[in-house]
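What follows is a single structure, written as C-alpha cells, with notes after it.
The values are calculated or read from the model by the stated rules, or taken from the named source; none is laboratory data. Here the structure is a predicted model, which is why all the values come from computation and not from measurement. With ideal geometry, Cβ positions are generated from the backbone for all residues, glycine too; neighbour counts draw on all protein chains shown. Areas reflect the complete protein model, heavy atoms only, side chains present, ligands, DNA and RNA absent. Shrake-Rupley method; radii C 1.70, N 1.55, O 1.52, S 1.80 Å.
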Amino acid sequence: MAEIVQQRIEDRIPELEQLERVGLFTKKEVKSIIKRATALEYKLHRLIVNKEDFIAYIQYEINVLELIKKRRAHIHYQFKREEIEFPIIHRINSIFRRSTNKWKDDVQLWLSHVAFCKKWATKGQISKVFSAMLAIHPDKPALWIMAAKSELEDRNSSESARHLFLRALRFHPNSKKIYQEYFRMELLHCEKLRKQKEQLEKAKMDLGEYEFSPEILSGKLAEVVYRDAAGKIKEAEFVISLLNIAAIFDFTKELQDFILQDLQTNYTEDSLTWDFMAKRELEAPGAGEELQTAKGRASDTNRREERCCQVYEEGVKNLNTEPMWTCYVAFCLERQKRKTNVQELKENRQQRLLGVLQRAHDSSLLKENYYKNWLQMLLSSGDAEGAASVAMTATQRYSQSVLVWSLSLQTLMQLGSGDIGRVFQDALTYVNPKESLPLWQLQVQWSVANQSPEETEAIFKRGLLSAVAAVAMEMKENYLNWSYSTGGYKKARKTFTSLQENRPLSKAFFMRIIQIEKEQETPKMNNLRDYYERVLQEFGTSDDVILVAPPPSRPPLHPPSELLEEDVGEEYQDASGQQPNHTLVDADDVLQGKDALLHGVGVDVVIDGGPDAPHCPHSIHHRLHGGRDH
C-alpha cells in the first residue's frame, strides 16, 4: 500500500512544481498539499474503505481547483492549464470512477460526477459517465431524460439524444415523460435547423453543402413521435400535454391541427377533451375597436365565455357524467371569482354559475365539495329559501357525507331554522359513527346558543354514551367546560366526580379540572393531589411528559434564594442568578422519584406552581424518612 501511495504522490510533483514556479502557491502551501494528499491517499487504500473518504478526497481536490481559479484571476495568469488543472481534473475523474464502481447503487454519486464534468468543462467525460450509469440504472426514466438532454445541450448532438430516447423507450415503452421529452427534443432540433437555414440565407451563402429537408423543417419527425406515443398511450390528458408542447413553437400549426383533429375524433368520451376544447375559445381573437374601452373589453370577455359554455353544453349533452359536469362547474366558478368592475359581467357570471350548479344537482352529478360554494352564493344573494332547499336536498344526495351534513346544518343554523334539532338526529343516524365528531361539536355549539341548559345537558349525556372513543372523550371535556362556564366551580367539580370513572378517559379531561382548581382563590391541595395521582395512574407510564405533584400549602423551610440554590445546584448557577424555568419532567424520572419516596430516599421533584403562584415554577426539595416528611 505504501508503494502505491508514494507513486501517486510522486505523480503530483510536476503540477506542484508548476504551481510554485508560476507563483500561484508558495513552497509552504505545496508542502501542506503533499501532506494532506498523502493522508487522504492512505485512507483510500485501507482494507475497509468508506464512501466518505472518497467524497472527502474529491472535495479537497475540487477546493484546490477553486483556489487555483481565484488566484489566477487575482494575478491575471492564464497559462499552463495543461500542466496544472488538467492533471487535477483527471485525478478527480479517476477517484469518481473508483467510487462509482464500488458503490454502483448510489445515484447521487453518479450525478455528482456529472455535475463536476459540466462545471469543469470536461464534457467529453459526460457521455461516458451517463453510459456507465445507465448500464447500472436502466430502470429510472429520469436518468435517460437527463442523459439525452445533456447530449442535446452540452454536446449539441441531436442524433445522440435521439438514440438515447429510442433506447429508453425499449426499457420504458409506456413512459409518458419520456415520450413528452422526446417529442420536445425533435421540435427543438427542428427549430435549430430552421434558425441555421435562416442565418445562412441572411448571409447569402450557398446552401449546396447543407441539406434542409422540408419534411424535417415542418416537424415531421415530431409527428412520427406523436403517432407512436398516441398508439401506445391512449389518454386524452397525454395527447393534450403533447399539443401544449407543440403550441410553444411557432412553426407547428399543421402539427397542432393534426393533433387537435385526432383529439376530437378519438377522445370525445373523455371530459378533459371537452374541457380543453371549451377553454380554447377564450383565446379566440376579438374586435380591435371594441377593446378600447372597459365596457367593450367586458362585452368581448362575456362573448368568449358564452362560446366556452356552448362547447360545455355540447359536452354535457354527449357525455352526461360527473367529471363532465365537474369541468363545467369548475370553469364557471373560476370565471366567477375573477374580479371585474363591470356589474353586468359580474351578474352574468353569477347567473351562469347558479344555473350550472342547479342543473348538475338536478342530474345528481354535482360533486359534494361544490355545495359549499352554492350555499355561500345563495346566502350572500339573500336567497334564504333557496339555500335551505339546497341544504336539505344535498343531504338526500350525499346522506352519508359528514361534509354535506355539516354544510347543511351550518346553513340552517345561520337561517335560524326551527326544525334543526330533528336534522341533527337524522345526520347522526345516517353518517358513520366513527366520522360523526364534527356533527356532535356542531350540535353542542347550536344547543348552547339556542336551547335550555337541560336540553344541552341531555345532548352531552347522549354523546357520553357514544361507542366511538373520540366522540365520548370530546363530549366529556366539553361537558366539563360547559358545566364550569354555566354553574361555576361546584358544578364543574360535581360533573368531574360523576365522570372520572367513565371510560374512555383523556389526559385533557384531568388537566382541565386541575386548571379549574388552580383558578380558584384558595385551591384545595388535597383535590390537586388527587387529580395528579389519577393522571399518574392513568397516563404516567405511557405519556412521555407529565405534570406532577402540586406545591405544599405550608411555607418553605428555607429562604427562597437558599432553597433554589440548594435544589438546582449547577443549573441555578448557570442561569446567572435567574430562577430556572422547569415546568415539565420526564415520566421515567417521576416514577423513579415516587419509588424513592416510598423507600425514604431524598429526591428533587420539579413541579408547576400554577398561574396563581407568585413566581415562576419552583423546585421543591422533598426529604422523606420512613415515609414521613419533615
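Highest mean packing first, where packing is the average number of other Cβ atoms within 10 Å per residue, the peptides 506-518, 481-493 line up as 506-518, 481-493.
Accessible surface computed residue by residue for region 1-137, with neighbouring protein chains in place and a 1.4 Å probe, gives 57 Å² per residue. Considering all different alpha carbon pairs of region 406-448, the Kirkwood hydrodynamic radius works out to 10.4 Å. As a ratio to 2.2 N^0.38 Å, the alpha-carbon radius of gyration for region 1-108 is 1.12. May I ask you to give the percent of accessible area on region 1-66 that is carbon plus sulfur, with a probe radius of 1.4 Å? For region 1-66, the apolar C and S fraction of the accessible surface comes to 55 percent. Once the Cα-Cα distance is subtracted from the 0.36 nm per residue extended length, the Arg98 to Glu521 segment shows a gain of 144.7 nm. Working ranking of peptides 328-341, 394-407 by packing, defined as the average number of other Cβ atoms within 10 Å per residue, highest first, is 394-407, 328-341. Ligands, DNA and RNA are left out, and with a 1.4 angstrom probe the accessible area of region 400-519 is 49 Å² per residue. Projected onto their three principal axes, the Cα atoms of region 230-349 cover extents of 49, 37, 19 Å, largest first.
Quantify how much of the Cα-Cα distance distribution of region 293-396 extends past 24 Å, in percent. Percent of Cα pairs beyond 24 Å in region 293-396: 27.
In region 132-206, one over the average inverse separation of all distinct C-alpha pairs is 13.3 Å, which is the Kirkwood hydrodynamic radius. Taking a straight line from the alpha carbon of Lys491, these lysines sit under 26 Å away, with near neighbours fewer than eight places off in the same chain left out: Lys461, Lys476, Lys507, Lys518, Lys524. Summary value for region 368-462: 22 percent relative contact order, contacts being C-alpha pairs under 8 angstrom separated by 6+ residues.
Eigenvalues of the alpha-carbon gyration tensor of region 41-95, scaled by 5 and square-rooted, set the equivalent ellipsoid semi-axes at 28, 11, 7 angstrom, largest first.
Each 10 Å bin from 0 upward holds the following percent of the Cα-Cα pairs of region 369-525: 10, 35, 29, 18, 8, 1.
Values of log10 I(q)/I(0) for region 209-263 across q = 0.17, 0.20, 0.27 Å⁻¹ run -0.52, -0.69, -1.12, by the Debye formula with one identical scatterer at each alpha carbon and no solvent.
Here is the P(r) of region 458-514: all C-alpha pair distances, binned every 5 Å from 0, give 4, 23, 34, 26, 11, 2 in whole percents. Carbon-plus-sulfur accessible fraction, region 439-482 (probe radius 1.4 Å, protein heavy atoms only): 53%.
For Trp274, the accessible surface of its heavy atoms amounts to roughly 30 Å² (probe 1.4 Å, protein chains only, rounded to the nearest 10).
Rolling a 1.4 angstrom probe over the protein heavy atoms with all chains in place gives region 307-390 an accessible area of 52 Å² per residue. With bins 10 Å wide beginning at 0, the percent of Cα pairs of region 69-165 falling in each bin runs 15, 41, 28, 13, 2.
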